[in-house]
Amino acid sequence: MRPPDGEDETRWLERARAAASRGPFGLHTHFVSPTHARPPAAGPEHAERVRREAAWLADQALYPELFCGGGWYVDDHVARAVAELGYADCTATAFRPAYLAEGAPRLAAREPGWLKVGGTRLLELPTTHSLGMALRAALRPLPAYLHVYFHDTDLLSLRRGMALRAALAALGRRCRRGNLSELRASLL
């Protein structure tokens, strides 16, 4: 979840605690503004933002296990910060998001694995399916690893919310839900 930026903190914290009670909680950083996720250039200030947001979440007794860079953005500085925080990263994608400009840097991966980041490692859990891709996947042979992404705003749209629920229900009948600790241990 993206920390509140001009939103009602009390309401945001209620939603965040509800989400954290249902499974692994994650930090989703927008590097520019609430409506502009991807920064125009790499730089250490982006890692500092990740660290600030992680500290704020800890002050609220919320402890993410996952990270996803807004706009699918990650650079070496951000990756080091995410590794230092002990999070698993979900910023890599198995597909090139259509809105990314040609040649825009992104981390591409199809399966989980460890990335060497500085003197440490970072668990990468790539996103493999958008909402539309998940709907189509529900009717096809499935890969061994599947990670669907969506935004909380998808739940505000009746049509997108229904599509998400249908896709997750269909996939849930056909897939084994992963356990982050087990996956981490299996990749050692």
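Some observations on this one:
- Here the condition is being over 20 Å from Ala19 (Cβ atoms) and buried (at least 17 other Cβ atoms within 10 Å of the Cβ); of Leu171, Leu188, Leu122, it holds for Leu122 alone.
- Scanning the stretch 2-20 for residues that are part of a loop (DSSP other than H, G, I, E, B) and at negative phi gives Arg2, Pro3, Pro4, Asp5, Glu7, Asp8.
- The residues in the stretch 21-53 that are in a helix (DSSP H, G or I) and touching a Phe, Trp or Tyr at 6+ places or on another chain (Cβ under 8 Å) can be counted, and the count is 3.
- The number of residues in the stretch 125-168 being surrounded by 14 or more Cβ atoms within 10 Å (Cβ to Cβ) and either small (Gly, Ala, Ser) or touching a Pro at 6+ places or on another chain (Cβ under 8 Å) (or both) comes to 12.
- One residue from Pro64, Pro105, Pro24, Pro44 being open to solvent by 50 Å² or more (accessible area, probe 1.4 Å) and touching a Leu at 6+ places or on another chain (Cβ under 6 Å): Pro24
- The stretch 1-12 residues that are under 19 Å from Gly71 (Cβ atoms), paired with ones that are assigned to a helix (DSSP H, G or I) and acidic (Asp, Glu) (beta carbon under 6 Å, 6 or more apart): Pro3/Glu53
- Leu107 closer than 22 Å to Leu188 by Cβ, of a type outside the set (Val, Ile, Thr) and without any contact (Cβ under 8 Å) to a residue 60 or more places away in the chain: yes
- Unique match (being open to solvent by 60 Å² or more (accessible area, probe 1.4 Å) and either under 21 Å from Gly118 (Cα atoms) or of a type in the set (Val, Ile, Thr) (or both)) among Arg80, Arg49: Arg80
- Test for Thr93: is it under 15 Å from the mean Cα position of the chain (by Cα), open to solvent by less than 30 Å² (accessible area, probe 1.4 Å), β-branched (Val, Ile, Thr) and over 26 Å from Trp12 (Cα atoms): yes
The values are calculated or read from the model by the stated rules, or taken from the named source; none is laboratory data. Just so we're clear, the structure is a prediction, and the values are computed from it rather than from any experiment. Note that each Cβ is placed from the backbone with ideal geometry, even for glycine, and that neighbours are counted across all protein chains shown. With ligands, DNA and RNA removed, areas are computed over all heavy atoms of the protein, side chains included. Shrake-Rupley method; radii C 1.70, N 1.55, O 1.52, S 1.80 Å.
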